[in-house]
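The next block holds one structure in the form of structure tokens; read it before the comments.
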Amino acid sequence: MFGSSSRRTQRLTLCFCSSTAGLWFIMSISHVLALLALLLPWGRCQFDVCRSLRGSKAGPEFYACQPPPTNMKEVMQIRVDPPGITCGNPPERFCTLENPYLCSDECDASSPDLSHPPQLMGDRERGGLITYWQTITWSRFPEPLLANITLTWNKSLEVVDDIVVTFEYGRPTSMVLEKSIDKGVTWQPYQYYADDCLEAFGMSPKRVTDLAPSNITRVICTEQYSRWEEKSVVFEVRARFGVFAGPKLINMDALYTRMETTKGLRDFFTFTNLRLRLLRPALGGTYVQRDNLLKYFYAISNIDVFARCKCNLHASQCALRDATLQCECDHNTAGQDCQSCSREFTSRTWRPGSYLPLPKGTANAYCECNGHSNRCSYIDFINVVTCVSCKHNTRGQNCQYCRLGYYQNASLPLTDENVCVECECHADGSVSPRCSDSGLCQCKDGATGRRCDSCLPGYTWRGGGVANVCDGERLVCRNGGTCVDFLRCVCPENFTGKHSSGDSRSLQEQNCLNPPLPPPRPLHPVLSTLSSPSCPLNNKGLSYLLFPLLLWGSRTL
């Protein structure tokens, strides 16, 4: 389907909602039937159109779109390690587990009929003839017989069905399937396989059917595919999809919703490279028979990887250009995976498309949060997507509003980190911490200013704007009273009122609520003598005499 040496563009056009005329000429009937069964739940091609055919005045409406899936073994590059692990150089005989002492088979790299090179793991077998790659035998036992098979696409892919590895002459006793999402720079385990998981990897055996929606991305060890009598080793993708979409994958909308709303789920099915680490060959029994090591080896006839190009939902086609897969990007995006904005739109913020809201999804507005969040939540019963954990003091479905107590700086774009400015309304002078769109706080009576932190004329700042009690010209209180903080007068004896302007006795006569004055205390005998008619004193002289007496009296009380 894809010639690696061809320089012309070749399209991946496998989708049963569109034309498949050329498919019948390049794939066998068995492959087509297998793919038809595979793609039935995906066959609706729900996301095969990137934009509306008829545009409105504002232009066409953009939809989430993705390329159709295909068997990626047609374009994978295969490398085996270590060097010299492939049989045939030098030629050697080998036996089979079914007939361990009938060692008539031979592997010879110099003979086309007897060689078993790595590319036979990805070829198209015709006429029922099985071709396979094979390693050297375990003649160096007890040294481990280890082999690595690396499958490379140099492109992000999304697996859509089970990965199936077909072994000849027995499945390995233990192996690991690994994946890379950075083109082979780093690797992480995808699944462990062993006839005894606890002994081989220190893990309890599990099956995908043991997993729940909350841990569907868990890496497990399975003993389901390690009996040597059978051929296939499977990484179960459909069973994982079935946790959300049902066993027959009927409810695909539920799967698409989970892909968007479950953290890490979509990345779990994404890879650029796969690697098989073969750790121990099939034994055909419990122990290694040292007297016949020619029956222990690895042989793989086929590797099926059904996947699609990952284009971040911005492309409906994927092309092979100069032996490299490339998304044919739409939605003004660019890059091998449509991972950036095209040149004329570099000022905009790039985002991947989304399956939501269903049924057509959106091109890049699923998590349209104006740069203030990269997390969204889907509310399924109203089919609405809303941003989660808006930053930079923003709020709203798209983080388009400012939090209470903040206002939008109209001179900055909505995507600016500093677009929301704190109101800073004075707690005592303002009615509430909120302010208007222009940043003006609502002031209490007597307070003024943008923040309500100043007083109007005639008001004094004390717990907000409070009207002056003392006269506004800051004169001293009347009749010798003292003005305190321009709020109240401390009146001398026998005077009362806001400005010390009223005689207490006259107030009593006016039925004021002031308590009655106590009766005058009798004068000291000395004072009585001093104030007698025989010794008249003026007020000044009386004061000189009264002061030491009052001081003496205060000490004796």
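The values are calculated or read from the model by the stated rules, or taken from the named source; none is laboratory data. Small disclaimer: the values here were computed from a predicted structure and weren't measured. Note that we place each Cβ from the backbone using ideal geometry, even for glycine, and neighbour counts take in every protein chain shown. Areas reflect the complete protein model, heavy atoms only, side chains present, ligands, DNA and RNA absent. Shrake-Rupley method; radii C 1.70, N 1.55, O 1.52, S 1.80 Å.
Below is a table of values for the structure above.
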{"read-out": "Residue within region 382-395 that is closer than 30 Å to Leu320 by Cα, at pLDDT 85 or above and open to solvent by 70 Å² or more (accessible area, probe 1.4 Å) present", "value": "no"}
{"read-out": "Identity of the residue in region 284-318, without any contact (Cβ under 8 Å) to a residue 40 or more places away in the chain and not aromatic (Phe, Trp, Tyr), that ends up surrounded by the most Cβ atoms within 10 Å (Cβ to Cβ)", "value": "Gly285"}
{"read-out": "Filter pass, Ser180 being under 27 Å from Leu325 (Cβ atoms), open to solvent by less than 20 Å² (accessible area, probe 1.4 Å) and in contact (Cβ under 8 Å) with a residue 12 or more places away in the chain", "value": "yes"}
{"read-out": "Test for Arg171: is it assigned by the TED database to the domain that holds Pro205, surrounded by fewer than 22 Cβ atoms within 10 Å (Cβ to Cβ) and among the basic types (Lys, Arg)", "value": "no"}
{"read-out": "Boolean, Leu151 is within 23 Å of Lys179 (Cα to Cα), touching a strand residue (DSSP E or B) at 6+ places or on another chain (Cβ under 6 Å) and in contact (Cβ under 8 Å) with a residue 12 or more places away in the chain", "value": "yes"}
{"read-out": "Any hit, region 183-203, residues being crowded, with 19+ Cβ neighbours inside 10 Å, in the same structural domain as Ala239 (by the TED database) and polar (S, T, N, Q)", "value": "yes"}
{"read-out": "Where a residue in region 229-241 is closer than 14 Å to Thr209 by Cα and in contact (Cβ under 8 Å) with a residue 12 or more places away in the chain and its partner, wherever it lies, is charged (D, E, K, R) and surrounded by 20 or more Cβ atoms within 10 Å (Cβ to Cβ), with Cβ under 8 Å and at least six apart", "value": "Val237/Asp161; Arg238/Asp161"}
{"read-out": "Extreme residue, farthest from the chain's Cα centre (by Cα), among residues of region 257-283 that are basic (Lys, Arg) and surrounded by 19 or more Cβ atoms within 10 Å (Cβ to Cβ)", "value": "Arg280"}
{"read-out": "Residue within region 158-177 that is part of a loop (DSSP other than H, G, I, E, B), in contact (Cβ under 8 Å) with a residue 12 or more places away in the chain and farther than 26 Å from Asn71 by Cα present", "value": "yes"}
{"read-out": "Contacts under 8 angstrom Cβ, first residue in region 109-125 being over 22 Å from Met76 (Cβ atoms), partner of a type in the set (Asp, Glu) and open to solvent by 70 Å² or more (accessible area, probe 1.4 Å), 6 or more apart", "value": "Leu114/Glu106"}
